[in-house]
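Engineer: Provided herewith is a single structure, encoded as C-alpha cells, for subsequent inquiry.
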Amino acid sequence: MSDVVLDVHSATKTFGGLKAVNDLSFQIHAGEIVSLIGPNGSGKTTTFNLISGVYEPDSGDVLLRGESIAGLRPDQVYARGISRTFQMLRLFSNMSVMENVLVGMHGRTQANIIDCMFHTPRMRREEEVCVEKARAILAQFPGRFPESRHDQPASSLSYANRRRLEIARALAGEPKLLLLDEPVAGMNPMESMEVMQQIRDLKEAGHTILMIEHDMKVIMGASDRVIAMDHGVKLAEGAPKDVANDPAVVEAYLGRRGADTAS
Amino acid sequence: MTFEHILGLTISGLTVGMIYALIALGYTMVYGVLQLINFAHGEVFTVGGYIAATTLIYTGVDATTPLAAKIGYFALALIVSIVLTSFLGWMIERVAYRPLRKQSRITALLSAIGMSIVLQNLLVIIFGPEPIIMPTAVVPTGFIEVFGVRIRLLQVIIIVTSLVLMGLLAWIVKGTRMGKAMRATSQDMEAAEMMGIETNLTISFTFIVGSALASIGGFLVAMYYGSLQYDTGFLYGLKAFTAAVLGGIGNIYGAVVGSLILGLAENWGVGVTLGVLAWLFVFGLIAGLYVQILRAPGERVSHIAEEFRTPEYERLIRSQYQLAPVVAVKTLLSERTDALVHVSARHAVRLMAGNIVLGFFAVLFFMNGEMQFASKWQHVISFAVLMAILMFRPSGILGDNIQEKV
Ligand SMILES: Nc1ncnc2c1ncn2[C@@H]1O[C@H](COP(=O)(O)OP(=O)(O)OP(=O)(O)O)[C@@H](O)[C@H]1O
Ligand SMILES: [Mg+2]
C-alpha cells in the first residue's frame, strides 16, 4: 500500500531479561487515528520510545514512509516528521507558553549560529514567521490559550491546559505522524470529551495519529483502528468494537486485573 | 571608616565579583545542561590568561609601541585567547565528559577532576612553575576620580566589560534560538531531543560560551594583578563555583548575584569593623522579630481549616508566636495532639532561638566594636557567607527551580 506512514516491522526491545516489546509489527496509514491499548506495563510507551528514537530496536525495523528511522537520534526522527507527547507531562515549565511552541519549531528553522549572534534580517523574518505560526497553532485550542496567556510560564497553566500545550508543541514540528501518549490521562470526563473532539479535528485537518489510551470512551469515539498488546506482543488489531470484544484482549485485561487484586 | 574608604572597597569588591561572575557563568551553564560540575573550568580560565599573555609577549609590545599598534596587539591577544580557549572547552567536553554521559555522575566528576590536574600539569610543563608576567605596556594605567576617590581605569574597564558580556549572554539565552535550545536542554534533555533539538550541539555551544567568558576573565585578571600562575585558576575556580552555588547553581542570574555578593563580602569584610557588622545583626533581629510577631502567626492562622476557625483557636496560635517561649513551651510539654498547634509551637521556639542568637551577636560585636578582620580572613569570610546563606536557602539565592523537572 502506498499510503503507509509508519511501518513497525517485527521490532523487539529487551531490558535485561524482560522483553518489553516482542516481535511487534503494525502499520499506520495516512489520515488514520489508531489507538494502542493494553494493560499497564504491556509495552506501549516502549513502543513509542522505539518509534521516536529514544531506543534503538534490538532487532526489527521502524520505517517512516518507507525509510528506516531505527537507530536515528530522537532529534533526527523529529526532523523526519514524528512528534509526540508524553504520558507524564514534560513541558519546559520555566518557558512561556509561546516559547514552548517555538521550541517545537526548532528543528524546522534554518537560522544558524552566525545568524543568531548577529541577529540578521533573515533570522528576524524567520522569527516573525515562527511566532505567527505558533499563534495559529495555539488558536486551534479555542479559548484555552488567549493572547494574554502566551507570555506566561507553562507552569502557570492548569493541568488540562498543560496537556493541550504538549499537543500544540508537538504540532509545531508539522509532523507526518503524531504520537499521543495518554492524551486525556488525569482529565475529568468533560475535558476528555473536549480533547477527543480536538483529536478528531486534527484528523480532519489531515493529521495521522497514533495514540496510547486507557479511556474506553475516547478509544471508541476517536479511533479508526485499535491495536491491543500485552507483554510486548500484539494480541489483536482491527475495528474498535471487534478488538474490545476479542476474547484474548478481554482475557488480558481481566487476567491482569485478577492478578492485581490477588497481590 | 570613611565614605571614601567604603567606596574604594566597593569598587574593588565589584571588580573581583565581576571576574568571579565571568567564571561562575561557565560553571552554572554547564551544570544547567549536564548537572555536572566542570572542575576543569578554573584551569580553562588560567589557560585563557596564559594564552593572552603569551600572545602579547610574542608580539614584543613595550612602552615604545605606538598606541594604535598596542590596541591592535591587545585585540589580537583577546581574539586568540577566546578562540583557543573556546576550542579547549569544546574539546574537554568531547574527550572527558561526552563518552561518560551514560555513566554515573561520580564518574564524570572524577573525569573532571582528572582533567583539571592534567591541564595544570600541562601548564607547568609548557610554561614552567614560575608565574607568567603580563607585559605592562598594554595595561591601562589611568585613574579616574569619583567623589574624591581615585579609581583605577582598569577596574572600570573590568566592570564595564563584564556587564556588556553578561548583557550579551542574557540576550543569547533569552532571545536566540540557541538560547531556547539551551534552556530546553537544561530542563529536560531527553524531551528536548524529542522536540528536535540537537542536544550535543547545544552542549558544545554551552562549553564554548562558558570557556570564552572564562578566557576573558583570565585575561582581565592577568592585567589586574600583572601575572598569572599555573594554579591561579584553582582558587578562582573554587570561589566562582562557590558563588554559583550561592546564587543557585544552574541559574545564570544567580551566578552573577552570588559572585557580586562574594566579591563585595570579601572586600568589605576586610575593611569592616565588628561595630559595623553589629548593625547588620540588628537589622537581622528586626527582620526576625517582624517575622515572629506579625508574619508567621498570620500565615499559620490562614492554614486553619474553615470549620475549625474559632477566635480562641486563632488566639492560641498567635500567642504561641508572640508570647513564646512561655505558651509555646507549655504547648510542647502538654498532651495536645493538634498538628497545627504543635508545628506552630516548634516553629515559634525556633524563631525565638534565632532571634536570641542574633541579639547575642549584636551585643557581642558592639562590645568589641573596634576589632577588624585581617586580610587573611578574606577566604574565611567568603565561605562563611556561603554557609550562612545556604543554611537559610539550601538551593541558593535564585535557585528554586533546579529540581523542577520530574
Ligand atoms: N528503561 C527501562 N528499563 C527497564 N525496564 C523498562 C524500561 N522502560 C520500560 N521498562 C519495562 O518495560 C515494560 C513495559 O513498559 P511500558 O512503559 O512500555 O508500559 P506501558 O504499556 O506504557 O504501561 P502503562 O500503561 O503503565 O504506561 C514494563 O515492565 C517496564 O517496567
Ligand atoms: Mg506508558
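Engineer: When you scan the stretch A:245-263, do you find a residue that is modelled with pLDDT of 90 or more and on the phi < 0 side of the Ramachandran plot, even just one?
Structural biologist: no
Engineer: Might you let me know whether the stretch B:208-223 holds any residue that is assigned to a helix (DSSP H, G or I) and at the interface with chain A (Cβ under 10 Å from one of its Cβ atoms)?
Structural biologist: Scanning the stretch B:208-223, I find at least one residue that is assigned to a helix (DSSP H, G or I) and at the interface with chain A (Cβ under 10 Å from one of its Cβ atoms), so the answer is yes.
Engineer: Failed condition for B:V149, given (1) farther than 30 Å from B:Q229 by Cβ; (2) more than 14 Å from every other protein chain (Cβ to nearest Cβ); (3) exposed (fewer than 14 other Cβ atoms within 10 Å of the Cβ), with all others met?
Structural biologist: With (1) farther than 30 Å from B:Q229 by Cβ; (2) more than 14 Å from every other protein chain (Cβ to nearest Cβ); (3) exposed (fewer than 14 other Cβ atoms within 10 Å of the Cβ) applied to B:V149, the lone miss is (3).
Engineer: Right, something else. Considering only residues that are surrounded by 20 or more Cβ atoms within 10 Å (Cβ to Cβ) and over 24 Å from A:H214 (Cβ atoms), which ones fall in the stretch A:13-56?
Structural biologist: The answer is A:G53, and nothing else.
Engineer: Right, next: Of everything in the stretch A:217-236, what is under 12 Å from A:L24 (Cα atoms) and surrounded by fewer than 18 Cβ atoms within 10 Å (Cβ to Cβ)? Give them in sequence order.
Structural biologist: A:H231, A:V233, listed by residue number.
Engineer: In the stretch B:182-196, which residue that is touching a residue at least 12 places away in the same chain (Cβ under 8 Å) and hydrophobic (A, V, I, L, M, F, W, C) is nearest to the other protein chains (Cβ to nearest Cβ)?
Structural biologist: This residue is B:A184.
Engineer: Can you work out which of the residues in the stretch A:51-66 that are of a type in the set (A, V, I, L, M, F, W, C) and touching a residue at least 60 places away in the same chain (Cβ under 8 Å) is nearest to ligand 1 (Cβ to nearest atom)?
Structural biologist: Here the answer is A:I51.
Engineer: Another question, then. When you scan the stretch A:44-62, how many residues do you find that are within 16 Å of ligand 2 (Cβ to nearest atom), more than 16 Å from A:V226 (Cα to Cα) and of a type in the set (S, T, Y)?
Structural biologist: Total meeting the criteria: 3.
Engineer: Follow-up. Please return the ranges of strands (runs of 3 or more DSSP E) entirely within the stretch A:125-241 where 2 or more residues are touching a His at 6+ places or on another chain (Cβ under 7 Å).
Structural biologist: In the stretch A:125-241, there are no strands (runs of 3 or more DSSP E) which contain 2 or more residues that are touching a His at 6+ places or on another chain (Cβ under 7 Å).
Engineer: Looking at the stretch B:23-36, which of its residues are more than 19 Å from B:G218 (Cα to Cα) and part of a helix (DSSP H, G or I)?
Structural biologist: Of everything in the stretch B:23-36, those that are more than 19 Å from B:G218 (Cα to Cα) and part of a helix (DSSP H, G or I) turn out to be B:Y31, B:G32, B:V33, B:L34.
Engineer: Considering only residues that are within 20 Å of A:K176 (Cα to Cα), in contact with a Leu (Cβ under 7 Å, 6 or more places away or on another chain) and within 15 Å of ligand 2 (Cβ to nearest atom), which ones fall in the stretch A:1-43?
Structural biologist: The one that is within 20 Å of A:K176 (Cα to Cα), in contact with a Leu (Cβ under 7 Å, 6 or more places away or on another chain) and within 15 Å of ligand 2 (Cβ to nearest atom): A:L36.
Engineer: Please count how many residues of the stretch A:27-50 are away from ligand 1 (no atom under 12 Å from the Cβ) and touching a helix residue (DSSP H, G or I) at 6+ places or on another chain (Cβ under 9 Å).
Structural biologist: Number satisfying all stated conditions: 4.
Engineer: Output the number of the condition that A:E191 fails; it satisfies all remaining conditions of (1) in contact with a helix residue (DSSP H, G or I) (Cβ under 7 Å, 6 or more places away or on another chain); (2) within 14 Å of chain B (Cβ to nearest Cβ); (3) away from ligand 2 (no atom under 16 Å from the Cβ).
Structural biologist: The failed condition is (2).
Engineer: What number goes with the only condition from (1) small (G, A, S); (2) in the same structural domain as B:M18 (by TED's automatic domain parsing); (3) in a helix (DSSP H, G or I) that B:A328 does not pass?
Structural biologist: For B:A328, the exception is condition (2).
Engineer: For B:V282, indicate whether it is assigned to a helix (DSSP H, G or I), in contact (Cβ under 8 Å) with a residue 60 or more places away in the chain and either of a type in the set (V, I, T) or surrounded by fewer than 14 Cβ atoms within 10 Å (Cβ to Cβ) (or both).
Structural biologist: Spelling it out, B:V282 is indeed assigned to a helix (DSSP H, G or I), in contact (Cβ under 8 Å) with a residue 60 or more places away in the chain and either of a type in the set (V, I, T) or surrounded by fewer than 14 Cβ atoms within 10 Å (Cβ to Cβ) (or both).
Engineer: Conditions: (1) more than 16 Å from ligand 2 (Cβ to nearest atom); (2) modelled with pLDDT of 95 or more. A:F92 meets all but one. Number of the miss?
Structural biologist: (2)
The values are calculated or read from the model by the stated rules, or taken from the named source; none is laboratory data. On a predicted model such as this, the values are computed, not experimentally measured, just so you know. Note that each Cβ is placed from the backbone with ideal geometry, even for glycine, and that neighbours are counted across all protein chains shown.
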